[in-house]
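None of the figures in this text is laboratory data; all of them are computed from the coordinates on show. Fair warning: this is a prediction, and the values are worked out from it, not measured in the lab. Backbone-built Cβ (ideal geometry, glycine too); neighbour counts: all protein chains shown.
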Amino acid sequence: MPKVLIAGGAGFIGTHMTEYLLKRGWEVVSVDNFSTGKRENVERFRGDPRFTFHEMDITEAVPEGDYDYIINLASPASPQKYLSLPLDTMLVNSIGVKNLLDLAKRSGATFLLASTSEVYGDPLVHPQPETYWGNVNPVGPRSVYDEGKRFAEAITMAYHRYEGVPVRIARIFNTYGPYMDVADGRIISNFASQALLGKPLTIYGDGSQTRSFCYVSDMVEGLFRLLTYEGLDGEVVNLGNPEEWRVIDVAKLVVRLLGLEENFSFLPLPQDDPKRRKPDITKAKRLLGWEPKVPFEEGLRRTLKWYREVLNVG
Ligand code: NAD
Ligand code: UDP
């Protein structure tokens, strides 16, 4: 069975990825520094003999070993987190990625980078295909993440072109589901916990900006195919759900699913918050035979159920 290193394994997507690969019988080595991930997310796999965990900062060291695959998920991901960890975000996406690419080279592993739709910035092309180069403010507050990920993509391609490392890049669009930290500040975790705790839902701006939300099981399946399918070295692929939602309509759906009255608080829109975002997934369909299966309403129901349990709300 293949052996994989998952960097950022204690995070939201990392937890689902670990579970998915262990179920397939893979040997999983996980590394995380718990900067935004949670100890309990790795504790649950401790009893599995095919699971090993290393608490490490990948900008300082990586777990040596012979891997068939390396999946790099390590990076703060929510705007609230990367804005509170600006330098760590830049370092994990530069030095951290370099350390993993060197390890991939040493061990002959195929390397998958979790990049982001944020490389498109506030896009002027809609929906966004992989060929779009983006509209990023290089000196704005979000640049620690956007430009960090753009550098991560550039160094990944450089190791592919000049060092012969087999690499694949996933541009992940907004993903949600269980295990997304209640306190990470993203739209779904905020709206779910605010609604369940009887607080007003915080809508930034007038809520007319859009996002497209992918349920995490669909995302993990897409990442797995991109990692393992033959002939994809050097490919950059959008992964996300093209169903586009206005933020205000997400808030309305959350309160409707919970049978609550609307209780919204309108706050200022963060600087450079993208106005529209929707993936063009033509390439993922063609190369991976992949498209999301879980409709937003269904995924949201499952997610709300999980938040209800975690928040211990009756
Ligand atoms: P997350 O914050 O839950 O997980 C990231 C994990 O990386 C955390 O466990 C964190 O502790 C770990 N980490 C951060 N810096 C590290 C370091 N220096 N050394 C070791 N571990 C470190 O976020 P997530 O939502 O699971 O995102 C995973 C990846 O996917 C990230 O790279 C993110 O940029 C990308 N992504 C996620 C989304 C999304 O909607 N969830 C969208 C686009 C891209
Ligand atoms: N948002 C909001 N209220 C919140 C959290 C987020 O209105 O409590 C908005 C945010 O301004 C953005 C969208 O929801 O337009 C998605 O934000 P998120 O932080 O989840 O991720 P982003 O796509 O901006 O990285």
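Hey, got a sec? Which trypsin sites (Lys or Arg not before Pro) in segment 244-314 land in a DSSP loop and have at most 16 other Cβ atoms within 10 Å?
Working: sites: Arg246, Lys252, Arg256, Lys275, Arg276, Arg277, Lys283, Lys285, Arg286, Lys293, Arg301, Arg302, Lys305, Arg308; in loops: Lys275, Arg276, Arg277, Lys293.
Here the trypsin sites (Lys or Arg not before Pro) that fit, given the DSSP loop and packing criteria, are Lys275, Lys293.
So what is the 222 nm mean residue ellipticity for the chain from helices alone, if each DSSP H run of at least 4 adds -39500 (n - 2.57) and you divide by all residues, rounding to the nearest 500 deg cm²/dmol?
Per the formula, -11000 deg cm²/dmol.
Given the options Gly37, His160, Gly289, identify the residue whose Cα lies farthest towards the positive end of the charge dipole of the chain (+1 on Cβ of Lys, Arg; -1 on Cβ of Asp, Glu).
Gly289
Suppose the chain between Glu60 and Gln80 were pulled fully straight at 0.36 nm per residue; how much longer would it get relative to their current alpha carbon spacing?
Fully extending the segment from Glu60 to Gln80 adds 4.8 nm.
Scan around Ser30 for amide H atoms under 5 Å from its own, H built in the peptide plane at 1.01 Å from N, and keep only partners 5 or more places away or cross-chain.
Ile6, Thr52, Phe53, His54
Excluding residues on the same chain fewer than 8 positions from Lys81, give the aspartates and glutamates whose Cα lies under 20 Å from its Cα.
In chain and number order, the partners are Asp32, Glu40, Glu55, Asp57, Glu118, Asp122, Asp146, Glu147, Asp181, Asp184, Asp272, Asp273.
How much length, in nm to one decimal, is gained on full extension between Ser208 and Ile95, taken as 0.36 nm per residue of separation minus their Cα-Cα distance?
In short, 37.0 nm is gained.
Over the Cα atoms, compute the radius of gyration (one decimal) and Dmax (the largest Cα-Cα distance, rounded to a whole number) for the chain, in Å.
Taking only Cα atoms of the chain, I get Rg and Dmax of 18.7, 58 Å.
Using amide H atoms built in the peptide plane, which far-off residues or other-chain residues are under 5 Å from Gly121 H to H?
For Gly121, the qualifying residues are Asn135.
Let me check the size of segment 262-314 from its C-alpha atoms; what are the radius of gyration and Dmax in Å?
Values for segment 262-314 (Cα only, Rg and Dmax): 17.0, 44 Å.
Sorted from largest down, give the three principal axis spans of the alpha carbons of segment 1-115, whole angstrom values.
39, 31, 21
Got a sec to turn the phi values of segment 204-217 into Karplus ³J(HN,Hα) couplings, 6.51 cos²θ - 1.76 cosθ + 1.60 with θ = phi - 60°, whole Hz, x for Gly and Pro?
Coupling constants for segment 204-217: 8, x, 8, x, 7, 5, 10, 9, 10, 10, 10, 5, 5, 5 Hz.
Using only the alpha-carbon atoms of segment 211-314, report the extent along each of the three principal axes, biggest first, to the nearest angstrom.
Each principal axis gives a Cα extent; for segment 211-314 these are 51, 34, 18 Å.
Students often get this wrong, so check it: of Lys278/Lys305; Lys283/Lys305; Lys3/Lys149; Lys98/Lys283; Lys149/Lys199, which have C-alpha atoms separated by over 30 Å?
Where the Cα-Cα span goes over 30 Å, the pairs concerned are Lys283/Lys305; Lys149/Lys199.
Compute the angle between helix 296-310 and the longest alpha-carbon principal axis of the chain, please, reported from 0 to 90 degrees and rounded to the nearest 10.
Its long axis makes an angle of about 90 degrees.
For Arg256 and Arg24 in the same chain, what is the full-extension length gain: residue separation times 0.36 nm, less their Cα-Cα distance, in nm?
Extending this stretch completely gives an extra 79.8 nm.
What distance in nm separates the two pseudo spin-label positions at Leu197 and Asp249, each 7 Å out from Cα along the beta-carbon direction?
Here the modelled spin labels are 2.9 nm apart.
Sorted by average packing, counted as other Cβ atoms within 10 angstrom per residue and highest first, what order do 111-122, 53-64 take?
111-122, 53-64
Calculate how steeply helix 12-23 sits against the longest principal axis of the alpha-carbon atoms of the chain, using the helix alpha-carbon long axis, and give the answer as 0 to 90 degrees to the nearest 10.
Value to nearest ten degrees: 50.
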